[in-house]
1. What is the distance in Å between the Cα centres of the range 210-241 and the range 88-139?
2. To make sure I understand, if each residue's beta carbon is the centre and we count other beta carbons within 10 Å, what order do Y418, Y397 fall in, fewest to most?
3. With the crude spin-label approximation of a point 7 Å out along Cα→Cβ, what separation in nm comes out for I340 versus E192?
4. Quick one: if the Förster radius is 30 Å, what FRET efficiency do I140 and W99 give, using the C-beta to C-beta distance and rounding to 0.05?
5. Could you calculate the contour length gain from E359 to E460, that is, 0.36 nm times the residue separation minus the distance between their Cα atoms, to one decimal place in nm?
6. Can you sort I296, I346 by how many other beta carbons sit within 10 Å, fewest first?
7. Starting with the fewest neighbours, write out T396, T356 ranked by other beta-carbon atoms found within 10 Å of each beta-carbon.
8. Roughly what % of Cα-Cα distances in the range 346-418 sit above 19 Å, to the whole percent?
Amino acid sequence: MRRVFNTASAFALSLSSILVTHAWAMDADLASVAVASKATDASREVSGRVVLAPRLADDTAVQALLSIDAGAGVPAAPAASSVEPKSWRDVKLTAQAVWSAPAARISLEALDEMRFPGDGGLREDRTARAGLQLKPLKPITFDLRGEVTDAQSIQPQPGLASAPVSVHKGANAVSAGVTWTVLPQLVLKGAERVEAAALAWRGQGLYQGDGATAQPHLEGQLKPWMGTELDLVFERAASPFDTDKFAALASAMFRVEPDGVVREFRPDQEWRLAASGAQQLGPARLSLSVANASLISSTELGLTSVGSAAPTSVQGGWRSDLQLGLDLPLQALGQKSAKIRTAFTIRASALRDPVTGLERPLSGETPYEGKVSLEMGSVLPGLTFGLDTRLTGPRTYYEIDRLRAVDSAEFFGSFVEYRADQIALRLQIDNLLNDASHSTETVFQRDRSTGQVVEIDRREEGGAGVSLTLKRKV
């Protein structure tokens, strides 16, 4: 009965969106609209997207994008033991302009994203980007980019409505790169990105932090013979400076020291070596990639220098993964419009647990996952349907005083899509059999290093989900 209600909700939301969509009347090359709704046992979501792309001149392109997402229910929060239902709303506005010539290209972009989590708080990210691409010689291309980010979040505190907690981040990044086409079959790339950020946490006190990262990147692409593509990458990768992590650290340290500097604040960084290849085998395509990384720092829940529980940077460790994919059209079996897509990933990692001091995998990492999908056409023009199955391995989330182990799970889904002229309508059903995965939460006395279990809770997670998406060029 609940699944029927979810399906009806998705159809009702999408039908109302269709009525709004058809009110547009513009050139099909100038704009497009997409509307989607999704319902599960835990949440209801609806989203809309409008893209405007007027033509100004042959060498100038302008695009404006507005997207709105809203929903209510229990958002995904793997690291939390319990999450209260709530509503949320995201509004994102992007403007882009590109001017191009045979030997140069200039791009400008401005982005403003606001998130209203439904609890009276606000999060806003404003970003401006500029890029310059020069091609003084035919085989060589220079790429220069700059980025400025200003982000702020305001979170009201229970009982302290007049003194909300706010976090501000200002970040600047510049990058320079060069691409050399040595031969039509061989391309070499080199780049360097430098980012600096300053953050401030304001509550009943003030905490500040800053940092900088350098991210070199070397890459080689080779096509030794027809249908074969090889790629090799060596780089130092770094995640953006995380305001949520900084706020949690500052809040934890404030309980001991009223004001100060968060010196334990670091983004996730790693040295990474990756190799990938793809081979066309007639109508089929086989791909393989292998990556190995030496972790410089990674974020895990641990104890800070003042003894408070918070996200902390763990030094050292490693991770690796192997990905295998196969796209196989079924033309040989007489099914001209049918194809099978498979993807399988194996992962492994290790770091020193900040609570117990023992070696363990990264929090939340699954050692394997795979997906197989079958897509087929029908006798009706524009109508396609498909089936997919997904396998996810077990994973464990580590907190200070507890750990949550999620069992492996298999899910089965299907979709039906209809395309005609400028319209695409897609119905997606996830977890068709409504199979729930199981998790076990183990709570320890004080923290996990004691080994003394005080509570074990086993529960079911997940459920069926239905989504209906409409896209139309108007």
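Computed from the coordinates by the stated procedures, all read-outs in this text should not be read as laboratory data. The shown structure was predicted, so the numbers you read here are calculated from the model rather than taken from an experiment. Neighbour counts are summed over all protein chains in view; Cβ atoms, including those assigned to glycine, are modelled from backbone coordinates with ideal geometry.
1. Their Cα centres are 22 Å away from one another.
2. Y418, Y397
3. Spacing of the two 7 Å Cα→Cβ label points: 5.0 nm.
4. 0.90
5. Residue separation times 0.36 nm, minus the Cα-Cα distance, leaves 33.5 nm.
6. I346, I296
7. Final ranking by Cβ density, sparse to dense: T356, T396.
8. Counting pairs separated by more than 19 Å, the tail of P(r) holds 54 percent.
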